[in-house]
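> Just passing along the structure, written as structure tokens.
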Amino acid sequence: MMSETNLVCDQAIFTSIRTPLGEGYRIIAASRHLRPDEKQAITRSSPSHDALCPPTDNTPGTFTNVLGAAFYSLPRGRLCVALSCYAGAEHTGRGGQRVYTHNLVFDKNDFPRCQYNPFAVLRAMVDAGLSSPQLKPPPVLPELELPITKPAGEVSPVALNAALDPAWRSYVLNALLVDRSLIVDVVDGWLEIAEALLMGVPGPMRAEISFGTGMRFSIGRCHRLLLLHDDPNVTRSRIAGRPVEYVDPALGQEPETPMSAWLSFVERHWTSGDVATLSRRTSRAFVNTDGTVRERVGRIYNDTDAIPETDTAKLLEVARDYLNGPKAEWEKDLVDELLNTTQCALLGRLNRMPWMEASRHWHAICALWRQSKECHNFAHPLAEQALTSAKAEHPTVAATAALELVSKVSAVVQEEHNTLVHNVLARLADWADRATDAQIEGLSDLCLRWRAARPQCPFVERIHQRCTAPATR
Amino acid sequence: MALIQEALSQERDPCIVTVIGDSNVGKTVYLGMLLDMLSKRAEDFEAIPKGAYSVNLQHNVISYLAARQFPPKTAMEVDDWHWAYYQVSRHKRNARIYDLVMPDMAGEAIAAEVASPNTFAVIRSLLEKSAGAILLVDAALAGAGSPQPDFFALKLMSYLDGVLVSRREERLSTPIGVVLSKADYCPESFDDPRGFARTNLNRLWNMCESRFESFDFFATSVVGALGYGTDESENVIPYPLHIAPRGILEPFEWVLSKLGR
């Protein structure tokens, strides 16, 4: 959950007005600390006359009145988030609407505090009233402290499917991950769809992925991802000869994208419409975001989410693989989360299982117990729960099972699980004290094995004495 | 891309004549009208478009004017600019042929480049390669006493001076035709454009005298009569009721006469 944070930003307003000093599209007001090269970039990137795509579905929502948005890096590394809207008729009377763009510029080091999500900044801009055009601003705008409170927005799976079906959205995401640039024809819901797509990219990578929505393509603002709905022939002619791909999901064959753990992880969240969780998971401060790391992270998340549907034997295997496998520092908490979730799931199942069923997994639990200290710690509560089931079946059953636990372990480990074993043996001893001679028959063998394993244990001695005592009951 | 391919196929380097000026000064209308008149062999000129794209600008302008509207604002995005590539010559045997490239640039883009060089590198590049330039200045505003046209023109000429001249002691030899647009508002400018400029655009006049070898002033007008209305935002909308081009060809003719010297 993103805690509220204040983002310190410089501002710039780009639009067309007539003033004593001039007229036409330009930066009409800006913060004092906006650098000249940043102003140049904003001037080149901001939409001017007739550059916004005609609005289609004006569904009220978070981004009411926002017709276009953009996110890109500026020279020297600061980031710019811009929202565009109409601000009345073009003032020289030559037809068309006046385009108004409010730009916020902030330090790249502050991006993690927004969960690497430029849409969190856009939402904050709308909440702060920046989507309402200011046509008479002071020439120098103050530095802005923008409260960022809302994490990723929600995207209806129906809306996402209508815009991009699973094959197309995986294709688009894969293209973004391998540094390709795309223009995607989306009829409406540009902002929501763009956010869903961008949240499929690891957070630290997003600063390098510029995007635009709702504005026509221009070579001056050649974003990595552009969502629009415009005449396809015009768009295609503009990108001719450029390394930009035009994608129209309504036409053409569905693409084939090699599936990967990362793509399948993202797709599951898109299918369920859970962009908020997707954002939380992908917006971590990954130190490394290359393909190998993404695959590893995708696999961890996939395995974590598959826990409820994974059978117990397979769960134990998964736990073993992650416990024994190499763990980089960056993934430690992800793996810990997976292991904690696995352990909880196993405990819950063992709690509900009769011993007859739990015994099928006992060997695997014991194997895990013996492998390493970390494995032992993981398996300890599982063993305890399983033995509880065994004790409920019969104390001798628990004692027989516990023998497998204590064999081939070091003295150090023995010391650590004494409580577990003592509980089992204490229960057996209590039972033996109350049992009849006939019930005791057959206990001798078990007792002998325990004497070999734990010769000093007082409970074992007590059981032995009962087994060897003259028949009286 | 099409323009480059056409130029290569001619095996002659094209001459770039840039039409420059502030936003809303009339560059699109002037250039569209000029190209249309050349296409109609006005003043014995012959102009052949190289590529269908070259006709888009004049088609756009003439269509809008025929509907009694001014054409829409030129967007700042370079992709939206019209590029005209024409083969121009006098309609007589052995006349010299000029391959002219004339882009219709957005005034705001020019203003942004002048204010902060390298904002639009394409403009700088075009100007550096220009064989001649036609600078439009709003005579109506200047005649009404506004200093803005003079200041903008001064900045633009100063920018050209910086871009095109390598040594301070040199004067710019590129021919610059200064066109007083919308001169129908101040018809006296037709009688004496140089006098009008010296009076109402004095800063520009002085700059030209000091730093440019080859320049002249011309008055031009496209509209014979204007009507006015308002839109939903109370903006005044001018409507061209009657087209009466005047002084369109002269600046172009002058620049052409200076090319190749």
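> If you go through region B:74-94 one residue at a time, do you hit one that is under 23 Å from B:SER173 (Cβ atoms) and surrounded by 24 or more Cβ atoms within 10 Å (Cβ to Cβ)?
No, region B:74-94 contains no residue that is under 23 Å from B:SER173 (Cβ atoms) and surrounded by 24 or more Cβ atoms within 10 Å (Cβ to Cβ).
> Being at pLDDT 90 or above, surrounded by fewer than 17 Cβ atoms within 10 Å (Cβ to Cβ) and not small (Gly, Ala, Ser), is that true of even one residue in region B:97-120?
yes
> Right, next: Given the criterion within 14 Å of another protein chain (Cβ to nearest Cβ), of a type in the set (Val, Ile, Thr) and part of a helix (DSSP H, G or I), identify the matching residue among A:THR235, A:THR271.
The conditions single out A:THR235.
> Just checking, which of A:ILE219, A:ILE193, A:ILE183 is under 27 Å from the mean Cα position of the chain (by Cα) and within 14 Å of another protein chain (Cβ to nearest Cβ)?
When all the criteria are applied, what remains is A:ILE183.
> A follow-up question, please. State the number of residues belonging to region B:122-140 that are assigned to a helix (DSSP H, G or I), touching a residue at least 40 places away in the same chain (Cβ under 8 Å) and surrounded by 16 or more Cβ atoms within 10 Å (Cβ to Cβ).
Going through region B:122-140 one residue at a time, the tally reaches 4.
> For A:GLY24, work out the one condition from (1) within 14 Å of chain B (Cβ to nearest Cβ); (2) modelled with pLDDT under 95; (3) surrounded by fewer than 23 Cβ atoms within 10 Å (Cβ to Cβ); (4) touching a Ser or Thr at 6+ places or on another chain (Cβ under 8 Å) it doesn't fulfil.
(3)
> Among the residues of region B:198-229, write down those that are under 17 Å from B:SER158 (Cβ atoms) and free of Cβ contacts under 8 Å to residues at least 40 places away in the same chain.
B:TRP205, B:ASN206, B:GLU209, B:SER210 - these are the residues of region B:198-229 that are under 17 Å from B:SER158 (Cβ atoms) and free of Cβ contacts under 8 Å to residues at least 40 places away in the same chain.
> Right, here's the next one. Run down A:VAL287, A:VAL297, A:VAL335 and say which single residue is loosely packed, with under 15 Cβ neighbours inside 10 Å and in contact with a Phe, Trp or Tyr (Cβ under 8 Å, 6 or more places away or on another chain).
After applying the criteria, what remains is A:VAL287.
> Here's something else I'd like to know. Kindly establish whether A:ASN103 is at pLDDT 95 or above and surrounded by 15 or more Cβ atoms within 10 Å (Cβ to Cβ).
yes
> Would it be correct to say that A:THR400 is modelled with pLDDT under 95 and among the β-branched types (Val, Ile, Thr)?
Yes: the conditions hold for A:THR400.
> Look at region B:145-162 and say how many of its residues are more than 14 Å from every other protein chain (Cβ to nearest Cβ) and either over 20 Å from B:ALA109 (Cβ atoms) or surrounded by fewer than 18 Cβ atoms within 10 Å (Cβ to Cβ) (or both).
3
> Being within 14 Å of chain A (Cβ to nearest Cβ) and aliphatic (A, V, I, L, M): is that true of B:ILE97 here?
It is false that B:ILE97 is within 14 Å of chain A (Cβ to nearest Cβ) and aliphatic (A, V, I, L, M).
> Since A:PHE71 meets every condition but one in (1) in contact with a helix residue (DSSP H, G or I) (Cβ under 6 Å, 6 or more places away or on another chain); (2) within 14 Å of chain B (Cβ to nearest Cβ); (3) not polar (S, T, N, Q), which condition does it not meet?
Condition (2) is where A:PHE71 drops out.
> Return only the number of the condition from (1) free of Cβ contacts under 8 Å to residues at least 60 places away in the same chain; (2) touching an Asp or Glu at 6+ places or on another chain (Cβ under 7 Å) that A:ALA276 does not satisfy.
Failing condition for A:ALA276: (1).
> Let me ask another. With region A:418-466 as the region, which helices (runs of 4 or more DSSP H) entirely inside it contain at least 2 residues that are without any contact (Cβ under 8 Å) to a residue 60 or more places away in the chain, out of contact with any Pro (no Cβ under 8 Å at 6 or more places or on another chain) and crowded, with 18+ Cβ neighbours inside 10 Å?
Per the criteria, A:418-434, A:443-453.
> Checking A:THR292 against (1) exposed (fewer than 13 other Cβ atoms within 10 Å of the Cβ); (2) among the polar types (S, T, N, Q); (3) within 24 Å of the chain's Cα centre (by Cα); (4) within 27 Å of A:SER84 (Cα to Cα), which single condition isn't satisfied?
Status for A:THR292: all satisfied but (4).
> Let me ask something else about it. Being away from chain A (no Cβ under 14 Å) and either more than 17 Å from the chain's Cα centre (by Cα) or farther than 19 Å from A:GLU90 by Cα (or both) is the requirement here; does B:LEU65 meet it?
Against the criterion (away from chain A (no Cβ under 14 Å) and either more than 17 Å from the chain's Cα centre (by Cα) or farther than 19 Å from A:GLU90 by Cα (or both)), B:LEU65 does not qualify.
The values are calculated or read from the model by the stated rules, or taken from the named source; none is laboratory data. Predicted, not measured: the structure shown is a model, and the values here were computed from it. Cβ: placed from backbone, ideal geometry, glycine included. Neighbour counts: every protein chain shown.
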